[in-house]
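Written below as structure tokens is the structure these notes are about.
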Amino acid sequence: MSDQKHRLGVSEVNLVVRHLKLENVSDETLAKLVEEIDQLYGLDSVSYEEKPQILHLAYDASRLNIDGFEDLLHQHGIELSHDWWTRFKEGYYRFVDQNVADNKTHEPWSCHKKK
């Protein structure tokens with residue numbers, strides 16, 4: 001295990017890092033969005049790079065997922081970029097988030113269990 005400290009509600013095993021390219025971003029809506037995202041339980045960090053318009057997120061995928069962040073973006077009138085690379089990453093992020101959430105509730109099976 002790493003010695004790095006994480007926020008409350010973040011398990012290092014389920015920690016994922018996401019980089020989302022945004023469109024239609026204004027300074028005031030971005031500030032509100034980042035503040036709202038920063039309050040979420042299970043979020044480790046959030047930051048924004050102004051020049052390439054990229055939102056960086058680190059969160060526990062067993063508690064949060066990419067769809068929830070997309071809903072917040074739409075509520076603030078911000079969209080994900082429509083380029084092919086962002087759409088490709090979005091699909092991959094959705095798949096991994098769902099896999100982590102499914103593994104959280106999965107009980108391992110073994111034929112060597114004692115009855």
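Looking at this structure, is Y93 of a type in the set (S, T, Y) and part of a strand (DSSP E or B)? The answer is no for Y93. Scanning the stretch 82-92 turns up one or more residues that are modelled with pLDDT of 95 or more, of a type in the set (S, T, Y) and either under 25 Å from G9 (Cα atoms) or loosely packed, with under 12 Cβ neighbours inside 10 Å (or both).
Looking across the stretch 64-81 at every residue that is part of a helix (DSSP H, G or I) and among the charged types (D, E, K, R), the one that is surrounded by the fewest Cβ atoms within 10 Å (Cβ to Cβ) is identified as D71. When the strands (runs of 3 or more DSSP E) confined to the stretch 1-61 are screened for residues that are at pLDDT 90 or above, more than 13 Å from the chain's Cα centre (by Cα) and surrounded by 13 or more Cβ atoms within 10 Å (Cβ to Cβ), those reaching at least 2 such residues are found at 15-23.
Sub-6 Å Cβ pairs linking a first residue in the stretch 38-50 that is aromatic (F, W, Y) to a second residue that is modelled with pLDDT under 90, at least 6 apart or interchain, are Y41/G9, ordered by first then second residue.
Here S110 passes the criteria (1) within 25 Å of R7 (Cβ to Cβ); (2) in a loop (DSSP other than H, G, I, E, B); (3) among the hydroxyl-bearing types (S, T, Y) except the one numbered (1).
The values are calculated or read from the model by the stated rules, or taken from the named source; none is laboratory data. On a predicted model such as this, the values are computed, not experimentally measured, just so you know. So basically every Cβ, Gly included, is an ideal-geometry build from the backbone, and we count neighbours across all protein chains shown.
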